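Inspection log for the structure reproduced underneath, given as structure tokens.
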Amino acid sequence: MNNVSVVTGATGDMGRVVAAELVARGDTVLLVVRNAERGRRIAAQLGFDRVEVFAADLTSPDDVHHLAGRISARHPELHLLVNNAGAHFRTRDVNDLGVELHVAVNFLAGFLLTERLLGALKAGAPSRVVNVVSDAINDTRQVKLGRAPRPVSLEPFDDLTKVNPDQGFQPFTAYARAKLLTVMNGYALADRLADTGVTVNSVHPGVAATGIVDDMIPSYAKAFRGMMTRGLLPPKEGARAILHVATAPALEGVSGRYFNRFDEARTPPVSHDRGLQQQVRDAAGAYLRRTV
Ligand SMILES: NC(=O)c1ccc[n+]([C@@H]2O[C@H](COP(=O)([O-])OP(=O)(O)OC[C@H]3O[C@@H](n4cnc5c(N)ncnc54)[C@H](OP(=O)(O)O)[C@@H]3O)[C@@H](O)[C@H]2O)c1
């Protein structure tokens with residue numbers, strides 16, 4: 001059977017590997033990219049007959065809405081969605097709707113794309129949604145000195161514009177909080193999709209030397225990049241963990257889990273709060289209605 005797989009962030013260091021490996025296993029792969037020209041260059045390498053390029057700026061819910069429309073119009077059946085795109089910002093900024101950018105890219109874009117593609121994913125079942133997140137949710141200390149890990153927190157809220165406010169803003173914590181929202185939504189969505197043949201899991205790929213890690217290095221320390229990224233996983237190794245959750249036959253039917261690379265792992269207690277999970281889904285769902 002010809003599987004149709006969607007990979008966001010397909011021009012990224014891990015996304016490129018994920019897309020290439022899916023093509024190698026025989027899938028038709030839809031590359032979701034920010035920069036169409038870079039996407040076309042990757043498509044040329046992978047073979048235009050096996051990949052299609054879809055450009056979208058994932059900070060924009062409207063763009064995600066149009067993206068999903070274009071994908072589902074061409075492919076009424078999908079078998080895999082890898083929400084791999086992610087970003088880290090050194091200063092606080094918001095999108096046109098006032099949503100802080102870590103939340104917009106690392107959570108809301110994947111939420112909206114998944115919801116809008118659910119019909120196609122159900123039609124293609126068994127199918128999988130894989131959310132690429134970060135173990136920063138379990139420890140927001142960038143330098144792991146000192147005693148205890150510091151899991152990310154989440155206060156009750158009724159509107160996504162209230163997440164990661166200006167006051168006390170810390171980029172890495174803001175990034176982790178956006179990934180926490182994705183994990184929480186993943187747990188709730190997996191429950192909702194039980195018996196549909198669509199599974200939803202989150203994976204931390206490991207700490208790999210990629211573009212996003214470069215973005216986390218302050219400009220004054222760029223000269224030491226080589227030293228700072230030595231010892232990190234090569235992107236291909238990070239991608240291997242994503243591909244495992246996306247394709248391993250042993251994970252057929254497995255849903256609602258969080259994997260730290262290849263192993264199922266725990267997430268902070270707050271992530272299992274069902275009331276808060278529903279709040280997250282309700283707050284994000286408002287953007288679903290807004291962009292219809
Ligand atoms: N590397 C790590 O150590 C690590 C650890 C834990 C989790 N992760 C997660 O792994 C995933 C892949 O990241 P990576 O490490 O491979 O880094 P990367 O090379 O920076 O890839 C990130 C991808 O996301 C895309 N992206 C960012 N903002 C976007 C926007 N507004 N619209 C559309 N696309 C956008 C980027 O597009 P461009 O190519 O145009 O920049 C890029 O393709 C991310 O979700 C990241 O949070 C990484």
* Residue count, the range 66-93 (criterion: of a type outside the set (D, E, K, R), within 14 Å of residue 119 (Cα to Cα) and touching a residue at least 24 places away in the same chain (Cβ under 8 Å)) -> 10
* To do: Go through (1) closer than 22 Å to residue 78 by Cα; (2) among the basic types (Lys, Arg); (3) part of a helix (DSSP H, G or I) one by one and return the number of the condition residue 177 breaks.
  => (1)
* Restricting attention to the range 116-131, does a residue exist that is near the ligand (Cβ under 9 Å from one of its atoms) and more than 21 Å from residue 169 (Cα to Cα)? -> yes
* To do: Scan the range 113-141 and report the pairs whose first residue is more than 20 Å from residue 18 (Cβ to Cβ) and whose second residue is among the acidic types (Asp, Glu) and surrounded by fewer than 19 Cβ atoms within 10 Å (Cβ to Cβ), with Cβ atoms within less than 8 Å and a gap of 6+ or a chain change.
  => 123/77
* **Hits in the range 124-143 (condition: at pLDDT 95 or above and polar (S, T, N, Q))** => 127, 131, 134, 138
* Structure fact -> the range 190-268: helices (runs of 4 or more DSSP H) wholly inside it with 1 or more residues that are at pLDDT below 95, over 29 Å from residue 123 (Cβ atoms) and more than 16 Å from the ligand (Cβ to nearest atom) are 225-229
* Residue ID - farthest from the chain's Cα centre (by Cα), chosen from residues in the range 119-130 that are surrounded by fewer than 21 Cβ atoms within 10 Å (Cβ to Cβ) and part of a helix (DSSP H, G or I) -> 123
* **residue 85, sole failed condition from (1) in contact with a strand residue (DSSP E or B) (Cβ under 6 Å, 6 or more places away or on another chain); (2) more than 30 Å from residue 221 (Cα to Cα)** => (2)
* Among the residues of the range 189-210, is any under 24 Å from residue 130 (Cα atoms), among the basic types (Lys, Arg) and crowded, with 20+ Cβ neighbours inside 10 Å? -> no
* Return yes or no: is residue 146 at pLDDT 95 or above and either farther than 23 Å from residue 261 by Cβ or buried (at least 19 other Cβ atoms within 10 Å of the Cβ) (or both)? => no
* Structure fact -> Here the residues within the range 167-188 that are under 15 Å from the mean Cα position of the chain (by Cα) and either hydroxyl-bearing (Ser, Thr, Tyr) or under 17 Å from residue 128 (Cβ atoms) (or both) are 175, 182, 183, 185, 186, 187
* **Residues of the range 49-65 satisfying the condition of being over 20 Å from residue 12 (Cβ atoms) and free of Cβ contacts under 8 Å to residues at least 40 places away in the same chain** => 49
* Structure fact -> Going through the range 11-44 in order, the residues found to be in contact (Cβ under 8 Å) with a residue 12 or more places away in the chain and more than 19 Å from residue 130 (Cα to Cα) are 34, 35, 36, 38, 39, 40, 42, 43
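The values are calculated or read from the model by the stated rules, or taken from the named source; none is laboratory data. A quick note: this is a predicted structure, and the numbers were derived from the prediction, not measured. Glycine gets a Cβ as well: all are built from the backbone with ideal geometry, and neighbour counts include every protein chain shown.
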